[in-house]
1. All but one of (1) surrounded by fewer than 22 Cβ atoms within 10 Å (Cβ to Cβ); (2) at pLDDT 95 or above; (3) more than 16 Å from ligand 2 (Cβ to nearest atom) hold for residue 299, so report the exception by its number.
2. Just checking, does the range 199-208 include any residue being modelled with pLDDT of 95 or more, away from ligand 2 (no atom under 15 Å from the Cβ), under 27 Å from residue 352 (Cα atoms) and surrounded by 23 or more Cβ atoms within 10 Å (Cβ to Cβ)?
3. It is to be established whether one or more residues within the range 118-125 are part of a loop (DSSP other than H, G, I, E, B), within 16 Å of ligand 2 (Cβ to nearest atom) and crowded, with 21+ Cβ neighbours inside 10 Å.
4. Does the range 14-44 hold any residues that are of a type in the set (Gly, Ala, Ser), within 15 Å of ligand 3 (Cβ to nearest atom) and without any contact (Cβ under 8 Å) to a residue 60 or more places away in the chain, and which are they?
5. Across the range 96-153, what is the total count of residues that are closer than 23 Å to residue 196 by Cα and under 27 Å from the mean Cα position of the chain (by Cα)?
6. Which residue is nearest to residue 300 (Cα to Cα), if the candidates are limited to the range 213-229 and must be open to solvent by 20 Å² or more (accessible area, probe 1.4 Å) and more than 16 Å from ligand 2 (Cβ to nearest atom)?
7. Quick check: is even one residue across the range 12-19 of a type in the set (Lys, Arg), part of a helix (DSSP H, G or I) and surrounded by 17 or more Cβ atoms within 10 Å (Cβ to Cβ)?
8. Can you tell me which residue among 50, 86, 71, 54 is of a type outside the set (Val, Ile, Thr), in a helix (DSSP H, G or I) and loosely packed, with under 15 Cβ neighbours inside 10 Å?
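The values are calculated or read from the model by the stated rules, or taken from the named source; none is laboratory data. A quick note: this is a predicted structure, and the numbers were derived from the prediction, not measured. Cβ atoms come from the backbone with ideal geometry, glycine included; neighbour counts cover every protein chain shown. Areas reflect the complete protein model, heavy atoms only, side chains present, ligands, DNA and RNA absent. Shrake-Rupley method; radii C 1.70, N 1.55, O 1.52, S 1.80 Å.
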Amino acid sequence: MKVLKFGGTSVGKPERMHSVAKLISSPDPKIVVLSAVSGTTNALVDISNKLSNKDSKGAEEAIANLFGPYKSFVDELYSTEAGKAKGHAIVKTYHDLIRSYVGKADFGDKETRLFLAQGEIISTNLFQEYLVEQGYSSALLPALDFMKTDADSEPMLDYIETKLNEQLAKFPNKHLYITQGYVCLNSDGEVDNLKRGGSDYTATLIGAALRMEEIQIWTDIDGMHNNDPRIVKRTFPIPEISFDEAAELAYFGAKILHPTCIRPAQVRKVPVRLLNTMQPEQKGTVINNTPSDRDITAIAAKDGITAIKIKSSRMLLAHGFLRKVFEIFENYKTSVDMITTSEVAVSLTIDDAKNLDQIVKELKEFSIVEVDMDQTIICVVGNFGKEKTGIGKRLFDAMETIPVRMISYGGSSSNISILINGGNKNEALNALNEKLFFHAEKV
Ligand code: ADP
Ligand code: ASP
Ligand code: MG
């Protein structure tokens, strides 16, 4: 069995949904995970914010803007009157549900999470109805019946395996199953989600839970590129990449994959293939256990980073200084990405600045603290074993005109991280691209 995930753009228009139906029409068994129609989750975030802020008028407007275009979507998706009627009924159900919250006294986190789930619920219901209209024999499996996270918001792989098998057993004669990406139940049994972009995670969790032969992520580009194609012109797809490299790139900003989605596939050794819905004949990228022998594989960038420099108020780093520093971050469940140290100071970065004020206050009790917001981590992924020479030179040559705030080399043999001001990101990505992939003297 395979799992195939189609992202927001891949189901973003009626004709795209038609193409997806063609792509999944072979008789081999598969579970198909869909995202929300592109733009829907953003609109649901916006509506939720407006309702949280008691802006009923703004929310009404945003609801109308979201659901208006679904009318023509339905008219173009189905070819029969019966199909169109069912499609309109589906849209009306969720439109009514969302509108019923306008003007309600308290709209909080729980309601927001419920709202965010509706995008995938709508897209899968519309798609399932389209498959029925077209004579496919498919079953819709509600993600809420098997996808669950624990008290630490970590997916419960064994639970998912058991519950998913129970769901599949209900339809012994079917070979095609449709389900929602992103949506899950949390440990309190409430509707929740796997964080933005989380439909990829749903797919890898399903593929890992059922130890499938392959996980396919279908999107709007022909695989994982060597650099961010939204910023850099001359990028190219990477045919094969290891789980470690892909995980690193996803974590450090390669938007094509949800940051933590590689982990379950890696743990259960299920290859992940990235494919293009618009160009299905392209090879894309396969992510597997084969280590590469490339020097440099790819570059990614992660924005919105906060850098904190912590200088010991004593002359030299005393025993226990680092422990005291890191205990504070641990207490606030704030993970640290980059670290560099000197004799009297340590600089580190965090991407979740929610508890920054408290953290800084506690650090200041025994050190001098400097904070820089809006930083970007540039992450270069490749094979930087101990014996390699010359890579640092190429990096610094490329960064010749760009101020570097921190650099971390040697923490892992597959990653070099460079911290710069957010405003210099585009220049840095382009300069590194040219120097590392096109004008590179071989190391
Ligand atoms: P989906 O809606 O299918 O989940 P996403 O928008 O989340 O798609 O991810 C695909 C997008 O990721 C591409 O259109 C591309 O612009 C962006 N992207 C960023 N970095 C990379 C990269 N290194 N390789 C490929 N795509 C990337
Ligand atoms: N629809 C969700 C989002 O926009 C999940 C996803 O598309 O992966 O974040
Ligand atoms: Mg995505």
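1. Exception for residue 299: condition (1).
2. Of the residues in the range 199-208, the ones modelled with pLDDT of 95 or more are 199-208.
Still in the list and also away from ligand 2 (no atom under 15 Å from the Cβ): 207-208.
Next, from what is left, pick out any that are under 27 Å from residue 352 (Cα atoms): none.
No, the range 199-208 contains no residue that is modelled with pLDDT of 95 or more, away from ligand 2 (no atom under 15 Å from the Cβ), under 27 Å from residue 352 (Cα atoms) and surrounded by 23 or more Cβ atoms within 10 Å (Cβ to Cβ).
3. The answer is no; no qualifying residue exists.
4. Correct list: 38, 39.
5. 36
6. Among them, the one singled out is 228.
7. yes
8. 71
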